[in-house]
Amino acid sequence: MMSILNSINSPQDLKALDLSTIDSLAEEIRELLINSVSQCGGHLAANLGVVELTLALHYVFDSPADKIIWDVGHQSYVHKILTGRREQMGTLRQYGGLSGFPKVEESAHDTFNTGHSSTSISAALGLAMARDLQREDHSVIAVIGDGALTGGMAFEALNHAGNEDRDLIVILNDNEMSISQNVGALSAYLNRLRTDPSYSRTKEDIETVLRRIPGIGANIARVAGRFKDLVKYLMVPGAFFEELGFTYIGPVNGHNWEELITVLKNARRMKGPVLIHTITEKGRGYEPARRDPGLFHGVGPFDVETGIPVKKPIRSYTEVFGDFMVEIGETHPNLVAISAAMTLGTGLAGFAQRYPQRFFDVGICEQHAVTLAAGLARGGLRPVVAIYSTFLQRAYDQIIQDVALQNLPVIFAIDRAGLVGEDGPTHHGVFDLAYLRSIPNMTVMAPADENELVQMFSTALTLSEPVAIRYPRGVGLGVSVDAPGQPFPVGRGTLLQHGQDLAVIGIGRGTTIGRELVELLAQHGITASLADARFVKPLDKQLISDLACTHKYLVTIEDNVLSGGFGSAVLETLQEERLQVDLLRIGIPDEFVEHGKVDILFEYLDMNPEAIMDSIINRWPELVQPQGWELLKLGKG
């Protein structure tokens, strides 16, 4: 059978199709999604749920002239398939391949870079205002999920958009509600009625005629208007959006492309802001994802037949943290945990099940999560806020104003710190050391292995001040964990190995890289000391001073931006102590790092042990004999 999908290389090809083939096309797209994500990993459940919606959008609108913005952006795979990137789906989230999110550098059809939540309506309103000010004529559409709508920024944008009264379409993709056949039929009827241009004209004509009746016309019109509002509140489920200034349409069956096309065509002709409420099903068309959409929200490679992920046997840092929370919850009844819509992702599912009264998922509201934690701490509890590093950036003001300024004992469990790999620049957590260590009252730690992770959380529970513990995505070293672990002396690192030629100081994953580097250097006759800093704040100044006094060269390694990060802290200490030592800082340079497997990214950034050794020799060639170094380079080649 000839593939319909192979004939679709742009949205224009879609418009040329006979509508009777759309159902078959949708099946082919789902098959491609499942096969691609099973190999590369990615966000599967949400993309399976928006197949018909994406088809309808590209059938009705003219991308890239019409602007479509995807929020959070992880559900844009179908959009990529329909806009000329079908053949590249096998490279999804791989280094040099397709991004897992919309990316303007990748395609003209990607209107706005997204990756964090709740930004689409703000960006769409900005595009609509720019369009109007420049007297252009095109549609602007924001597609936002019900989860993303929990973010306060989305409501700020809705409020402003309603006030601006610009032509703007917001599609609320609701994938948490079931679709009732009866309600669907009624809503379809109401949608056809309310989006039909003749309805608005008739309503306006009747009001105009009533107002012309001398004496009583205006009163009748006013009473009729109140009656209309009463009917709206009783019959229209989107009264809230109507009050914000939007014309509400819905609920619409998000898997009935014929209904979607009718609604979208009518909405395109309407004036002012319009909100279309679609109901979709996550994981539609693939039973494992439909049955467990949480698991398949963001999944690694998996077996298509069974849906079982291909997992490594070593526990991840996230799993170690989650197990620690369950165990420590037994002995700390005042311990509470907060997640911002990432219960599974942050490892808190077990805690939530064991202690449901002490667990709070606030939705995609990182700012609220942090200030809620501050209130809980002020009330005498010990809150642990588990948030990905990249998302914690959204709550920076709350960390300062509501936690640190009041010196409240909130513990921040910062997952996905450093390079996260395939999710790319929107998700790399490479700024936290820099933006946290500048805040007064903060204690900042980073473990070098799983056992240090639990020891750091045990340390945090002994402190009465804000504490941040940042740890990477993925598996650790596979070391045994002595839970709950012994607390560390605050502000003290540890010397792991003695050497004569230079000293390497690592923090977090930088210590792991440092271990491999020291071994590699030893193979070429260079002996190095290795220290695990453990604390970024307070910094172990004594350890740094001792190493500076006994070594001519120092190297710092961190999985964080160099600007203001751990290496900068060491450099500041050396200056304060007036210590003369040559320092080489290894870390993330002043650029946004693309997506790809972490080891490939480290190689690209010259942060793998081999590249760091090259940097050391190039900086301090006196560490080796010239002829020895030439032989070393020849050996590498």
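The values are calculated or read from the model by the stated rules, or taken from the named source; none is laboratory data. A quick note: this is a predicted structure, and the numbers were derived from the prediction, not measured. Counting neighbours? That spans all protein chains shown, and the Cβs are built from the backbone with ideal geometry, glycine included.
So in the range 534-550, with the set limited to residues that are over 15 Å from residue 576 (Cα atoms) and touching a Phe, Trp or Tyr at 6+ places or on another chain (Cβ under 9 Å), which one is surrounded by the fewest Cβ atoms within 10 Å (Cβ to Cβ)?
Only one residue tops the list, namely 535.
Here are 558, 519: which of them is among the acidic types (Asp, Glu), surrounded by fewer than 16 Cβ atoms within 10 Å (Cβ to Cβ) and either in contact with a Ser or Thr (Cβ under 7 Å, 6 or more places away or on another chain) or outside the structural domain of residue 444 (by TED's automatic domain parsing) (or both)?
519
Looking only at residues that are within 22 Å of the chain's Cα centre (by Cα) and surrounded by fewer than 19 Cβ atoms within 10 Å (Cβ to Cβ) in the range 327-349, which one is modelled with the highest pLDDT?
Only one residue fits best here, namely 349.
Residue by residue, here is whether (1) over 19 Å from the mean Cα position of the chain (by Cα); (2) in the same structural domain as residue 256 (by TED's automatic domain parsing); (3) at positive phi; (4) in a helix (DSSP H, G or I) holds:
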{"site": "46", "(1), (2), (3), (4)": "no, yes, no, yes"}
{"site": "54", "(1), (2), (3), (4)": "yes, yes, no, yes"}
{"site": "58", "(1), (2), (3), (4)": "yes, yes, no, yes"}
{"site": "64", "(1), (2), (3), (4)": "yes, yes, no, no"}
{"site": "69", "(1), (2), (3), (4)": "no, yes, no, no"}
{"site": "73", "(1), (2), (3), (4)": "no, yes, yes, no"}
{"site": "86", "(1), (2), (3), (4)": "yes, yes, no, yes"}
{"site": "89", "(1), (2), (3), (4)": "yes, yes, no, yes"}
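Which of the residues belonging to the range 124-149 are in contact with a helix residue (DSSP H, G or I) (Cβ under 6 Å, 6 or more places away or on another chain) and either among the β-branched types (Val, Ile, Thr) or modelled with pLDDT under 95 (or both)?
Within the range 124-149, 140, 144 qualify.
Would the range 457-479 turn up any residue that is more than 31 Å from the chain's Cα centre (by Cα), among the polar types (S, T, N, Q) and either closer than 30 Å to residue 582 by Cβ or not in a loop (DSSP other than H, G, I, E, B) (or both)?
Taking every residue of the range 457-479 in turn, none turns out to be more than 31 Å from the chain's Cα centre (by Cα), among the polar types (S, T, N, Q) and either closer than 30 Å to residue 582 by Cβ or not in a loop (DSSP other than H, G, I, E, B) (or both).
Considering the range 588-617 alone, what residues qualify as being of a type in the set (Gly, Ala, Ser) and at positive phi? Reasoning before the result, please.
Looking only at the range 588-617, we keep the residues that are of a type in the set (Gly, Ala, Ser), and these are 596, 611, 615.
Of everything in the range 588-617, just one residue is of a type in the set (Gly, Ala, Ser) and at positive phi, namely 596.
So residue 139 ticks every box in (1) crowded, with 19+ Cβ neighbours inside 10 Å; (2) over 15 Å from residue 68 (Cβ atoms); (3) among the polar types (S, T, N, Q) but one. Which box is left unticked?
Answer for residue 139: the failing condition is (2).
Out of everything in the range 415-451 that is touching a strand residue (DSSP E or B) at 6+ places or on another chain (Cβ under 8 Å) and charged (D, E, K, R), what residue ends up being farthest from residue 537 (Cα to Cα)?
So the residue we want is 422.
Is there any pair with a first residue in the range 432-457 that is small (Gly, Ala, Ser) and a second that is buried (at least 24 other Cβ atoms within 10 Å of the Cβ) and in a helix (DSSP H, G or I) whose Cβ atoms are under 7 Å apart and which are 6 or more apart or on different chains, and what are they?
Close Cβ pairs satisfying both conditions: 448/511.
Which pairs do you get when a residue that is without any contact (Cβ under 8 Å) to a residue 12 or more places away in the chain, found in the range 392-404, comes within reach of a residue that is assigned to a helix (DSSP H, G or I) and surrounded by fewer than 22 Cβ atoms within 10 Å (Cβ to Cβ), reach meaning Cβ atoms under 9 angstrom, with the pair 6+ apart or on two chains?
That search, which allows pairs on different chains as well, returns 401/371.
Can you work out which of the residues in the range 263-284 that are in a loop (DSSP other than H, G, I, E, B) and over 25 Å from the mean Cα position of the chain (by Cα) is surrounded by the fewest Cβ atoms within 10 Å (Cβ to Cβ)? So that I can check it myself, show each step before the final result.
We begin by selecting, within the range 263-284, every residue in a loop (DSSP other than H, G, I, E, B); these are 270-272, 280-284.
Applying the additional criterion that residues be over 25 Å from the mean Cα position of the chain (by Cα) yields 270-272.
Numbers: 270: 16, 271: 11, 272: 14.
Filtering the range 263-284 for residues that are in a loop (DSSP other than H, G, I, E, B) and over 25 Å from the mean Cα position of the chain (by Cα), the one surrounded by the fewest Cβ atoms within 10 Å (Cβ to Cβ) comes out as 271.
Output the residues belonging to the range 480-517 that are part of a helix (DSSP H, G or I) and among the polar types (S, T, N, Q). Can you show your working first?
Applying the first criterion (part of a helix (DSSP H, G or I)) to the range 480-517 yields 509-517.
Answer for the range 480-517, where residues must be part of a helix (DSSP H, G or I) and among the polar types (S, T, N, Q): 511, 512.
In the range 570-629, what count of residues is obtained for those that are acidic (Asp, Glu) and over 23 Å from residue 96 (Cβ atoms)?
5
Provide a single number: the residues in the range 129-164 that are in a helix (DSSP H, G or I) and either closer than 26 Å to residue 339 by Cα or aromatic (Phe, Trp, Tyr) (or both).
Step one: filter the range 129-164 for residues in a helix (DSSP H, G or I), giving 129-133, 148-150, 152-164.
Applying the additional criterion that residues be either closer than 26 Å to residue 339 by Cα or aromatic (Phe, Trp, Tyr) (or both) yields 148-150, 152-158.
Of the residues in the range 129-164, 10 are in a helix (DSSP H, G or I) and either closer than 26 Å to residue 339 by Cα or aromatic (Phe, Trp, Tyr) (or both).
So residue 242 ticks every box in (1) crowded, with 16+ Cβ neighbours inside 10 Å; (2) assigned to a loop (DSSP other than H, G, I, E, B) but one. Which box is left unticked?
With respect to (1) crowded, with 16+ Cβ neighbours inside 10 Å; (2) assigned to a loop (DSSP other than H, G, I, E, B), residue 242 is out only on (2).
Please go through the range 498-529 and give me each residue that is under 18 Å from residue 453 (Cα atoms) and in contact with a Pro (Cβ under 8 Å, 6 or more places away or on another chain), ordered by number.
Hits for the range 498-529 are 508, 509, 513.
Here are some conditions: (1) acidic (Asp, Glu); (2) surrounded by fewer than 18 Cβ atoms within 10 Å (Cβ to Cβ); (3) assigned by TED's automatic domain parsing to the domain that holds residue 417. Residue 482 meets all but one. Which one does it not meet?
(3)
From 455, 500, 406, grab the single residue that is crowded, with 19+ Cβ neighbours inside 10 Å and not aliphatic (A, V, I, L, M).
Numbers: 500 fails: crowded, with 19+ Cβ neighbours inside 10 Å; 406 fails: crowded, with 19+ Cβ neighbours inside 10 Å.
Checking each option against the conditions leaves just 455.
Of everything in the range 416-443, what is farther than 15 Å from residue 396 by Cα and in contact with a helix residue (DSSP H, G or I) (Cβ under 6 Å, 6 or more places away or on another chain)? Give them in sequence order.
The answer is 416, 417, 418, 419, 421, 427.
Failed condition for residue 311, given (1) in a loop (DSSP other than H, G, I, E, B); (2) closer than 16 Å to residue 45 by Cβ, with all others met?
(2)
What do you reckon, is residue 425 outside the structural domain of residue 588 (by TED's automatic domain parsing) and more than 20 Å from the chain's Cα centre (by Cα)? Step through it out loud before you land on a result.
Values: outside the structural domain of residue 588 (by TED's automatic domain parsing): yes; more than 20 Å from the chain's Cα centre (by Cα): no.
Spelling it out, it is not the case that residue 425 is outside the structural domain of residue 588 (by TED's automatic domain parsing) and more than 20 Å from the chain's Cα centre (by Cα).
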